[in-house]
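The values are calculated or read from the model by the stated rules, or taken from the named source; none is laboratory data. Source: prediction; values computed, not measured. Here the Cβ positions follow ideal geometry from the backbone for every residue, glycine too, while neighbour counts run over all protein chains shown.
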Amino acid sequence: MRMSRSGEMAGRSAERTPFGWAALAAALAVSVGSAALAQTPPVETPNAPAEQNESVLLEADELIDDQEARVITAQGDVQVRYQGRTMRSDRLIYDLNTGAIRASGNVQIALEDGSVTYAEEIEADEAMNVGAARELRARLGDSSTLAARGAVRRGEGQSELSNVIYTSCPICEAGDRPPTWSLRARRAVQNRDTRTISYQGAVLEVVGVPVLYIPYFAHPDPTVGRASGLLPPDIGRNRRLGTFYEQPYYWAISPSQDLTASLRLHGNVNPLLGVDYRKRFWSGQMSLETTFTDERLFDEDGRYGDSAFRYSAFGEGRFEVNDYWDWGFGLERAYDDQYLRRYDIDGAGERRGPYIGQELRLLSQLFAIGQSENSYSSIASISFQGLREEDTSDLLPLILPFAETDHVLTEPVLNGQVRLQANTAVLSRDDNGLTPGFEGSTARVSASASWRRDAVFGPGMVLSPFAQVRADAYQIETSEDEYETFTRGLGLAGAEVSWPFMRPGERFDLIVEPVVMAAIASDDPTAPLNINEDSLGFELDDSNLFRPNAAPNYDLWEPGGRVSAGVRATARAHSGESASLIFGRRWRDEQAPGFTQQNNLDGQRTDWVASGQVDLGRNFGAEARVRLEDETLEIQRIDFGVRGAVGRFSGYARYYNVDESLQFDPADPNEEITTSLGVDLARGWRMQASLTRDLDSDINLRQDIRAIYEDDCTFLEISYTRREIQLGQLGPDEGVQIRIGLRSLGVFGGS
């Protein structure tokens, strides 16, 4: 019996149950897909009641039904569609006696997940117990390609391939250039239970040249998001640790949690164990990163001191309580001041909540945050660990708690906006009398209300009157177990006036805006008694020049009258380039305790402050912040950065200089420069070099040289790093590291 193209199957085949044709399509689309290493969901039993009603569409230029031999042959642009899967071939033979199915000639199978398999010939039976393919090629996921001379599916759990090549690099259609890297093996097995692909006798080839023989290698199926197994190792060397090798193991515990355990072996010191745990809950998620070792102290000259159990711990979590409130925590702890630097452990200074620590000052916090369209509330408890040699636990407080709320009224008052704020801070110290002077505990509660209105008048001038009232209550420990309580009421009022001028142009628009802010504030009746806890390191600059109260927080109050005057200018080209400038200063009618030369508010006139920015796109950009002495215009502080690119070259430089009398921390460099230079070489190669130098001490704080290769599927980096700073007992250090990244296989030598 012959049928023309697009004819549905009829006649003798209709005498069999739909099981045969369901098995035909499912066997082709699923068993061969498995042999091609595409990780597809398990398929239900074909003879289940739900499957018996599934229809199969068979199309071909010619369909032959040999009723005597019970063989169905389709040839000429054959297409079989079943449950969203499609198979195409030049010829298909289905033996109704044995259930054997054979498709040959340009066989192509497309699955629901988008993966496509190609082969010259495919064989399977209707029960899907055995599938075979010859000259197989498959696209896995978005980028990976696998080819094999032959493939056999042995039962439900495994598929075996012979003479395999796997790569995540683009394949040259002309075939005249091999991929950047490929993995060849005489045999590969896909285990669907463990969701891995393992290779025996594998060879890593780079641009077609064998570079590494691996007797056994395994990795997760590329279409699998996560699977347990060994991760690529981290390999390197530095002066203190010697040569080191770190091998991580990833454990996918469940869909909502995983754990990574790593063991780092060192040439000079004892091993380091790391455990990273992550878990996602219905209301949020958490993570914990820890390291452990049992070791003596050591530096670049060797080990010394007694052995001890040492550790580091970094963790964070954030959870939703309701539509308004979230709560969370941040954890940062290390055994001693030098532990993180000795073992080159990252993690300090990262955001783990609303408050951020520093590399030399760890911060742990427990917090709750509430936020809506017109209000914000937070409460947090914070503890610190200082990693500087001069830090002591007596001076670093435990904050129990720090809380604030900010609410903006939705209805205007006198055509202006009213903001209500409340804030409290309790700082607890355990002063044992060993530190100079006495640093006791303090507590403060503050409540304030502020009003501001913006109005346009006259020839485009903007008038913004404002007012604020605030009440504070303090309790200060003056000596051990002796406290003093006092209150104060504060207020200010004033206005800001600006007059923007705009000049539209054919190529760019220019805006020049003179600004004047004038305010008067009440005196602080408790200034001699007050302790400054929250405004220790601030400076009047371009960012707060026009603030009514220059002190950023609560403890310091700027009394009397003050006037700030300056100009803001912006030029913006229609093609996207821009430049901006701000310049001005502040006058005050009286001095106040707590305002010093460092924060530019010690006298009745401040220094001039300025900042500028230029952005001309990729080829050039610059930014600068400057503080000039009020009479001589001598530079007191400058922070200047510039970047540029010309052809294959790109670079960046930043110069920083501050007068020694203006430094908050005398240990910080007062003159420093950072530079970097990069050049793009041929065919994906580039070089990078960077240097950070303390010009005051005439030493290199850090220098790096890197050679990098990168294309669509490969990353290679060879880096040399040297640090010459002396931090505590740890002196200069240098190291070399090689990182190799192969897409879908991971990064060897680091993250």
For residue 591, all conditions in the list (1) farther than 19 Å from residue 511 by Cα; (2) in contact (Cβ under 8 Å) with a residue 40 or more places away in the chain; (3) polar (S, T, N, Q) hold save one; what is the number of the exception?
-> (2)
Any idea which residue in segment 623-638 is nearest to residue 661 (Cα to Cα), counting only those that are free of Cβ contacts under 8 Å to residues at least 12 places away in the same chain and among the charged types (D, E, K, R)?
-> 634
Checked pairs for segment 333-360, first touching a residue at least 40 places away in the same chain (Cβ under 8 Å) and on the phi > 0 side of the Ramachandran plot, second part of a loop (DSSP other than H, G, I, E, B) and of a type in the set (A, V, I, L, M, F, W, C), C-beta under 9 Å and 6 or more apart or across chains, list as 344/241
Hey, any hits in segment 682-702 for a residue that's aliphatic (A, V, I, L, M), part of a loop (DSSP other than H, G, I, E, B) and free of Cβ contacts under 8 Å to residues at least 24 places away in the same chain?
-> yes
Taking residue 486, is it among the aromatic types (Phe, Trp, Tyr) and closer than 21 Å to residue 551 by Cα?
-> yes
Looking across segment 168-186 at residues that are touching a Cys at 6+ places or on another chain (Cβ under 9 Å) and surrounded by fewer than 18 Cβ atoms within 10 Å (Cβ to Cβ), the single one that is modelled with the lowest pLDDT is 170
Going by the structure shown, is residue 505 in a strand (DSSP E or B), free of Cβ contacts under 8 Å to residues at least 40 places away in the same chain and of a type outside the set (S, T, N, Q)?
-> no
Only listed residue being under 30 Å from residue 391 (Cβ atoms) and modelled with pLDDT of 85 or more, chosen from 478, 487, 442 = 442
Listed residues 278, 239; which is at pLDDT below 95 and not hydrophobic (A, V, I, L, M, F, W, C)?
-> 239
Could you check how many residues of segment 327-345 are farther than 16 Å from residue 364 by Cα and either polar (S, T, N, Q) or part of a loop (DSSP other than H, G, I, E, B) (or both)?
-> 4
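Determine which member of the set 578, 564 is closer than 30 Å to residue 617 by Cα, at pLDDT 90 or above and of a type outside the set (Phe, Trp, Tyr). So that I can check it myself, show each step before the final result.
Details: 564 fails: closer than 30 Å to residue 617 by Cα.
None of the others qualify; the one that does is 578.
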Selection count where residues are more than 35 Å from the chain's Cα centre (by Cα) and among the aromatic types (Phe, Trp, Tyr), scope segment 543-601 | 4
Quick one: which residue in 648, 637, 686, 627 is surrounded by 14 or more Cβ atoms within 10 Å (Cβ to Cβ), closer than 30 Å to residue 207 by Cβ and not aromatic (Phe, Trp, Tyr)?
-> 686
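In contact with a His (Cβ under 9 Å, 6 or more places away or on another chain) and surrounded by 17 or more Cβ atoms within 10 Å (Cβ to Cβ) - does that describe any residue in segment 713-733?
No, every residue in segment 713-733 fails to be in contact with a His (Cβ under 9 Å, 6 or more places away or on another chain) and surrounded by 17 or more Cβ atoms within 10 Å (Cβ to Cβ).
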What single numbered condition from (1) surrounded by fewer than 19 Cβ atoms within 10 Å (Cβ to Cβ); (2) in contact with a Lys or Arg (Cβ under 7 Å, 6 or more places away or on another chain); (3) in contact (Cβ under 8 Å) with a residue 24 or more places away in the chain fails to hold for residue 586?
-> (1)
For segment 401-499, list the strands (runs of 3 or more DSSP E) that sit wholly inside it and hold at least 3 residues that are in contact (Cβ under 8 Å) with a residue 40 or more places away in the chain and under 21 Å from residue 556 (Cα atoms); which are they?
-> 417-428, 442-452, 461-479, 482-498
What about residue 674, is it among the hydroxyl-bearing types (Ser, Thr, Tyr), buried (at least 17 other Cβ atoms within 10 Å of the Cβ), free of Cβ contacts under 8 Å to residues at least 40 places away in the same chain and within 30 Å of residue 390 (Cα to Cα)?
-> no
In segment 610-644, how many residues are aromatic (Phe, Trp, Tyr) and at positive phi?
-> 0
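Conditions tested, residue by residue: (1) under 26 Å from residue 342 (Cα atoms); (2) modelled with pLDDT under 90.
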| site | (1), (2) |
| --- | --- |
| 690 | yes, no |
| 697 | yes, yes |
| 701 | yes, yes |
| 708 | no, no |
Filtering segment 473-530 for residues that are of a type in the set (Lys, Arg), under 44 Å from the mean Cα position of the chain (by Cα) and within 20 Å of residue 560 (Cβ to Cβ) leaves a count of 0
Enumeration of residues in segment 682-706 that are hydrophobic (A, V, I, L, M, F, W, C) and farther than 18 Å from residue 724 by Cβ | 682, 685, 687
List every residue pair whose Cβ atoms sit under 9 Å apart, with the two residues 6 or more apart in sequence or on different chains, where the first one lies in segment 639-666 and is among the aromatic types (Phe, Trp, Tyr) and the second, anywhere, is assigned to a helix (DSSP H, G or I) and surrounded by 16 or more Cβ atoms within 10 Å (Cβ to Cβ).
-> none
Run residue 390 past the list (1) more than 20 Å from residue 453 (Cα to Cα); (2) assigned to a strand (DSSP E or B) and report the number of the one that doesn't hold.
-> (2)
Please report, ordered by residue number, the strands (runs of 3 or more DSSP E) entirely within segment 705-750 with at least 3 residues that are closer than 21 Å to residue 674 by Cα.
-> 714-723, 733-742
Is it the case that some residue within segment 523-536 is closer than 22 Å to residue 636 by Cβ and in a strand (DSSP E or B)?
-> no
